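The values are calculated or read from the model by the stated rules, or taken from the named source; none is laboratory data. Everything numeric here is computed off the predicted structure, so don't read it as measured data. Cβ coordinates were reconstructed from backbone atoms using ideal geometry, including for glycine residues, and neighbour counts include every protein chain displayed. Heads up: the accessible areas ignore ligands, DNA and RNA and are worked out on the full protein's heavy atoms, side chains in. Shrake-Rupley method; radii C 1.70, N 1.55, O 1.52, S 1.80 Å.
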Amino acid sequence: MDFTFTEEQQAAVEAARAVFSDVAPDRAPSPSLTRGAVAEDIDRRLWHELARTDLLGLTLSPDHGGAGLDPIALCLVLRESARVLARVPLLESCAVATALQRYGDRALAAELLPRAGRGELILTVGANGRTGHDPAELAVSARPYGDEDGNGDGGDDGGSGWVLDGVQTAVPWAQVADWIAVPAHTAGGRPVLALVPRTRDGVTLADQVSTNGERLAEVRLEAVRVEARELIAAAGCWDWLRSLLTTGTCALALGLGERVLAMTADYTGKREQFGFPVATFQAVAVQAADRYIDLRAMEATLWQAAWRISTGSGGPLPAAGDVAVAKIWASDGVRRVVQTAQHLHGGFGADTDYPLHRYHAWAKQIELSLGPAAAHEETLGDLLAAHPLG
C-alpha cells in the first residue's frame, strides 16, 4: 500500500501550513469560561485567507475556479486546520460543494460553486438527524409538490419541486451559512439531498452549542419548498457525502491528536522531578509511545478510507467499511491521546491559560461527531455479515 502524496497534494499542505501558521488556538474565548457559544461568527479573517489561497476550492474543478484535487487533498488540509483548532466550516463547506459538483444540477453548480470557492458563500450540512443516533435522512421527509397527503411512491420526479418537513439537529454554523444541505427520504424510502437557502420560507433555527463551544443549530423545516434542481436524487449521493464528512472528521482527529502529543512531549521534556525530565521516566515514555501507536493507526486507516472514496476502488468490503474502521480508530484514538496528555501534564493541563483544555473539548466533539466508535463498530459488523470475507 503506497500512501505517497502527489506534488499537488503536498503543495496544498504547504499552502495550508502557511495560512494556519498565523492562527492561535486561543483566539476565541475559552469554552470552559464562556456561557453559550464562544463566538457568534466563524473566524472571518481566516476564512478570507483560505479563499485567497484557493484552499476553499481545493476539490472543485477548474471549470468552477478550483484546483481539481481529490478528497485526499482536502483531508490533508483538514489535518493542518485541526492542529490550530481553526474555527471555520472548512469540512462542511468543501464536502457539500464537492457533492454538488459530483451529483447535482449543473446549472446550480455553475451558479454556486465559483462563489463558494471564493469564500462568498458558506455551505453546511445537517448530518445528525433528529437525535444524532438515527440515520440523518430519516429525520426529514421529501414529497413532490402537490402530493399533499405525502403518499407518493418516490417515483415522481418532483418536476414542480419538492416539499420538506422535519428536523436536523446540531448543524454546524447554520446561522451564518448561506445554504444548508439537508438529507431526506421520499415516501418510497429513497435517500435524497436537498440544498436549502437558510432564508427560505419555513426554515427556522434554534441555537445550540457544541462541546467545544462552537455554534450549532437545530434546523426545523416546515413545508419548505425547494426547486427540482435543488434536490439531488442521484443514487449514492448522500452515502458518499456522509462518507466524506466522516473521513474528514477522522483527518481532524489525527491533526488534533498529533498536536496534543507534540505538546505533551515538549512539556514532559522540560518538566523535572527528582532532577530529571519526567519524559525520561519509563512510565511516562510507555504511555507516550502507546499514544504514538494510536496516531499511526489513525493515520493508516484515514488514508485508506480517503483513497477508497477518492478513487472508487473496489475491495473486499464496500468503501463504507474502510470509513467505519477509520472512524473507530479516530474516535477511540483521539480520546486516548487527550486523556493521556491531561494525565502527563498534571494539574497544568486543566489551566485555562494553557490551550490543552481546548484541545480536550474539541477532541470530545470530534469523537462523537457522525457517530462514536460503537456506532461504527455496529456498521462494520453489518457489512461483514453482508459481505463475508474469505
Handout entry: Relative contact order, percent, the chain [alpha-carbon distance under 8 Å, six or more residues apart]
Key = 16
Fill in the blank from the handout: Packing-ranked peptide list from 282-290, 114-122, 242-250, highest mean Cβ count within 10 angstrom first, is 242-250, 114-122, 282-290
Handout entry: Compactness of the range 1-71 - radius of gyration and Dmax, Cα, Å
Key = 15.9, 47
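Determine the per residue accessible area of the range 212-278 with all protein chains present and a 1.4 angstrom probe, expressed in square angstrom. Don't skip to the end; give the middle numbers.
Working: 2530 Å² over 67 residues.
On a per-residue basis, 38 Å².
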Problem - List Tyr359, Tyr103, Tyr292, ordered by accessible area with a 1.4 Å probe, largest first - result: Tyr292, Tyr103, Tyr359
Handout entry: Per residue, the convex hull volume that the Cα atoms of the range 217-330 enclose (Å³)
Key = 153
Problem - Cα Rg, Dmax, the range 49-105, angstrom units - result: 11.1, 36
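Per the Kirkwood treatment, what hydrodynamic radius in Å, one decimal, follows for the range 224-267 from the mean inverse distance over all distinct Cα pairs?
Computed over the range 224-267, the radius equals 13.5 Å.
Carbon-plus-sulfur fraction of the accessible area of the chain, 1.4 Å probe, in percent? Display every interim value, and only then the final one.
Numbers: 8590 of 16860 Å².
The nonpolar share, carbon plus sulfur, comes to 51 percent.
Which three numbers, in whole Å and largest first, are the semi-axes of the equivalent ellipsoid of the range 76-149 derived from its Cα gyration tensor as √(5λ)?
Numbers: eigenvalues 148, 81, 17 Å².
Result for the range 76-149: semi-axes of 27, 20, 9 Å.
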Exercise for the section: List every residue whose amide H lies under 5 Å from the amide H of Val196, counting only residues 5 or more places away in sequence or on a different chain, with H placed 1.01 Å from N in the peptide plane. Expected result: Ile180, Ala181, Val182
Practice task
Note down the accessible area of Asp351, probe 1.4 Å, to the nearest 10 Å².
Solution key: 60
Problem - Cα-Cα separations in the chain greater than 42 Å, expressed as whole percent - result: 12
Problem - Debye, to nearest 20: dipole size of the chain, +1 on Lys, Arg Cβ, -1 on Asp, Glu Cβ - result: 920
Problem - Accessible area (Å², per residue) of the range 1-135, counting only protein heavy atoms and a probe of 1.4 Å - result: 46
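How many percent of the alpha carbon pairs in the range 53-191 exceed a separation of 20 Å? Write out the running numbers ahead of the final one.
Details: 5119 of 9591 pairs.
Above the 20 Å cut-off, the range 53-191 has 53 percent of its Cα pairs.
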Problem - Per-residue SASA entry for His343, accessible area with 1.4 Å probe, Å² rounded to 10 - result: 120
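Which order do you get for Trp329, Trp238, Trp179 if you rank them by accessible area with a 1.4 Å probe, largest at the top?
On the way: Trp329 95, Trp238 5, Trp179 35 Å².
Order by accessible area, largest first: Trp329, Trp179, Trp238.
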Completion exercise
Env charge @ Arg83, Cβ radius under 15 Å, K,R +1 / D,E -1, value -2
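Considering all projection directions equally, how large on average is the shadow of the alpha-carbon convex hull of the range 243-390, in square nanometres?
9.7
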Handout entry: Heavy atoms of His64: accessible area, 1.4 Å probe, square angstrom to 10
Key = 40
Practice task
Using a 1.4 Å probe and counting only protein heavy atoms, arrange Lys327, Lys364 so the residue with the most accessible area comes first.
Solution key: Lys364, Lys327
